[in-house]
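Engineer: My questions all concern the structure below.
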Amino acid sequence: MTNETSALSGPDLSLGIPLSSLPEGAMLQGHAGGEAILLVRRADRLFAVGAFCTHYGAPLSGGLLVNETIRCPWHHACFDLRTGNVIRAPARDPLARWRVEEARGIVYVREKLDEPVTPVLADRNSVPATVVIVGGGAAGNAAAETLRREGYAGRITLLSADDALPCDRPNLSKNYLAGTAPEDWIPLRSIEFYQEHEIDVRLNAPVIALDLVAQQVILADSSRLSYDALLLATGAQPVHLDIPGASLPHVHYLRSFTDSRNLVETAKAAKRAVVIGASFIGLEVASSLRAREIDVHVIGRETTLMETVLGPQIGRFLQTLHEGHGVTFHLGTTAAEIDSVQVTLANGVTIEADMVVIGVGVRAETTLAEKAGLTMDRGVSVNEYLETSAPNVFAAGDIARWPDPFTGERIRVEHFVVAERQGETAARNILGRHERFATIPFFWTEQYDLGIAYVGHGADWDEILVEGDLEARNCSVIYRRGGTKMAVALLHRDLDGLRAELEFERSAVRQKKENVVGARTLLSSKD
């Protein structure tokens, strides 16, 4: 899926431009042969690639060059300028490439190049013959695609408990629910893609147990499937409210494509909605329902929106934003009862509603791992290579708790891009690459015309610094703990978000080196 503009801009690069007009590190958007092209000069090399990110169509000219890679300004996908290949999610398709020629100080973009050939694994005997992936979400899909992209030719089976193909879950509460994204945008890939790449996707195929000794998964129909390598990517499920009326037909939870479809159908005839839960999902749902001109009331236990995650400044700003779009808030309380026409709050207030959406959090689906005896730590415990305590078993996505290279703490993050990137790393480690998962967490939210990007992991922050003008929607909000920057939220500062990500990455590398040196010093002192 892409939202890229079809309008061409900049010079016709097939006619040539002076090399002197493109200094080291410069990016120039132009076109050739009717296609938008980004011309890049990096380390005295010239690259011509597609001008727009293959994820949502962001203009890459606003991105960040890091060595011979380019990072997308919107959602931080990363591409190799030499090959066009995707290095990091959320993009899945490579960038197109063109041949560049220099003659007498003039740079020309010539013919379009073929896509890089899929590599052939050097030693196929050293990789597992069969890989089973349990979970049809972001991590599972990314792992399956990465295995094929890396040249794996063995059998891949993806077992999904859902009734729909892996989908663009962040869009379910945003554009799709608002009615501005067509249904064909939502699946991450078509069924033909999986068939072409020989990825056996089985829908409505819940796994109920693992036999780690026999290296088999046991499905709900009692059938068994053997594996040589197993990836657990079971994700999370919404927390259900245990109150009267919570199971009525007009009450919805939002996690799957089917959930969102059902919610859209209800919204078509609804006039008054109550959203229980003022989380990211709840606020995005409120925004989307207001786009459909539905009267929306939001109920939240907190007294300031998103205070523990984003801080009071952004929380108050978000409340004002929503109220300006007609949303009514009921904070510091919760729902006590739902009936066919209204929601009754714990404080006795009643709100008319012909549809109700519950978004009070999610719970990681760790039952399989727990029953199998894997080591748990408020999630499935994995090492820096996403390996669990069992041989040949990996975990990724919402269920995985891993050592954060930046802080050294063990963290678990429930965000789509993190899950995709863990799926990529897990796939490469299944192939024996021994690659550490060292990616900095990233997520984004969109509410009305406001986008907020968040880089890092700022749990338990004790200080907030706002740089810029929050009211003007042009600022960076920095979260510190003990004087150390842990995370940053950004409003309309895309490039600053990429720079913050790079800063955290480099800090993690320095921390890793310091830890290694410290360990060696300690060993030497013992000798």
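The values are calculated or read from the model by the stated rules, or taken from the named source; none is laboratory data. Predicted model only: the values in this text are computed from it and were never measured. Glycine gets a Cβ as well: all are built from the backbone with ideal geometry, and neighbour counts include every protein chain shown. Areas reflect the complete protein model, heavy atoms only, side chains present, ligands, DNA and RNA absent. Shrake-Rupley method; radii C 1.70, N 1.55, O 1.52, S 1.80 Å.
Engineer: Could you list all residues from the range 109-128 that are open to solvent by less than 90 Å² (accessible area, probe 1.4 Å) and out of contact with any strand residue (DSSP E or B) (no Cβ under 7 Å at 6 or more places or on another chain)?
Structural biologist: Result: P116, T118, P119, L121, D123, S126, V127.
Engineer: Next question, about the same structure. Given the structure, is V357 touching a helix residue (DSSP H, G or I) at 6+ places or on another chain (Cβ under 9 Å) and assigned to a strand (DSSP E or B)? Reasoning before the result, please.
Structural biologist: Numbers: touching a helix residue (DSSP H, G or I) at 6+ places or on another chain (Cβ under 9 Å): yes; assigned to a strand (DSSP E or B): yes.
Criteria met by V357.
Engineer: Residues in the range 102-112: is at least one more than 30 Å from D44 (Cα to Cα) and either β-branched (V, I, T) or in contact with a Phe, Trp or Tyr (Cβ under 8 Å, 6 or more places away or on another chain) (or both)?
Structural biologist: Taking the range 102-112 and keeping what is more than 30 Å from D44 (Cα to Cα), we get none.
There is no residue in the range 102-112 that is more than 30 Å from D44 (Cα to Cα) and either β-branched (V, I, T) or in contact with a Phe, Trp or Tyr (Cβ under 8 Å, 6 or more places away or on another chain) (or both).
Engineer: Ok, one more. Could you go through the range 287-295 and let me know if any residue there is open to solvent by 20 Å² or more (accessible area, probe 1.4 Å), basic (K, R) and farther than 26 Å from D184 by Cα. Please lay out each step first, then the result.
Structural biologist: Within the range 287-295, the first condition is being open to solvent by 20 Å² or more (accessible area, probe 1.4 Å), and the residues that meet it are 290-293, 295.
Filter once more, keeping what is basic (K, R): 290, 292.
Cutting the leftovers down to farther than 26 Å from D184 by Cα gives us none.
So far as the range 287-295 goes, no, none of its residues is open to solvent by 20 Å² or more (accessible area, probe 1.4 Å), basic (K, R) and farther than 26 Å from D184 by Cα.
Engineer: Filter the range 226-260 down to the residues that are closer than 18 Å to D354 by Cβ and without any contact (Cβ under 8 Å) to a residue 24 or more places away in the chain and list them by number.
Structural biologist: Answer for the range 226-260, where residues must be closer than 18 Å to D354 by Cβ and without any contact (Cβ under 8 Å) to a residue 24 or more places away in the chain: S247, P249.
Engineer: Of everything in the range 406-448, what is over 20 Å from A508 (Cα atoms), within 14 Å of the chain's Cα centre (by Cα) and open to solvent by 20 Å² or more (accessible area, probe 1.4 Å)? Give them in sequence order.
Structural biologist: Of everything in the range 406-448, those that are over 20 Å from A508 (Cα atoms), within 14 Å of the chain's Cα centre (by Cα) and open to solvent by 20 Å² or more (accessible area, probe 1.4 Å) turn out to be E414, H415, F416, W444, E446.
Engineer: If you check V343 against the conditions, is it touching a residue at least 12 places away in the same chain (Cβ under 8 Å) and open to solvent by 40 Å² or more (accessible area, probe 1.4 Å)?
Structural biologist: Values: touching a residue at least 12 places away in the same chain (Cβ under 8 Å): yes; open to solvent by 40 Å² or more (accessible area, probe 1.4 Å): no.
So V343 does not fit the description; no.
Engineer: Can you list the strands (runs of 3 or more DSSP E) found entirely within the range 63-156 that contain at least 1 residues being closer than 23 Å to Q422 by Cβ and in contact with a Cys (Cβ under 9 Å, 6 or more places away or on another chain)? Show your work before the answer.
Structural biologist: Values: elements: 64-66, 69-71, 78-80, 86-88, 97-103, 106-112, 130-134.
Hits in the range 63-156: 64-66, 69-71, 78-80, 86-88.
Engineer: Criterion first (at positive phi, open to solvent by less than 30 Å² (accessible area, probe 1.4 Å) and within 29 Å of the chain's Cα centre (by Cα)) does G137 satisfy it?
Structural biologist: Numbers: at positive phi: no; open to solvent by less than 30 Å² (accessible area, probe 1.4 Å): yes; within 29 Å of the chain's Cα centre (by Cα): yes.
So G137 does not fit the description; no.
Engineer: For the range 42-58, enumerate the residues that are open to solvent by 50 Å² or more (accessible area, probe 1.4 Å) and touching a strand residue (DSSP E or B) at 6+ places or on another chain (Cβ under 8 Å).
Structural biologist: Taking the range 42-58 and keeping what is open to solvent by 50 Å² or more (accessible area, probe 1.4 Å), we get 42-45.
Correct list: R42 only.
Engineer: Kindly provide the set of residues from the range 10-41 that are out of contact with any strand residue (DSSP E or B) (no Cβ under 7 Å at 6 or more places or on another chain) and closer than 19 Å to D80 by Cβ, ordered by number.
Structural biologist: Once the filter is applied, which keeps residues that are out of contact with any strand residue (DSSP E or B) (no Cβ under 7 Å at 6 or more places or on another chain) and closer than 19 Å to D80 by Cβ, the range 10-41 yields only R41.
Engineer: Among L172, L159, L165, L147, which is the only one that is closer than 20 Å to I218 by Cβ and in contact with a Lys or Arg (Cβ under 9 Å, 6 or more places away or on another chain)?
Structural biologist: On the way: L172 fails: closer than 20 Å to I218 by Cβ; L165 fails: closer than 20 Å to I218 by Cβ; L147 fails: closer than 20 Å to I218 by Cβ.
Step by step, each of L172, L159, L165, L147 is checked, and only L159 is closer than 20 Å to I218 by Cβ and in contact with a Lys or Arg (Cβ under 9 Å, 6 or more places away or on another chain).
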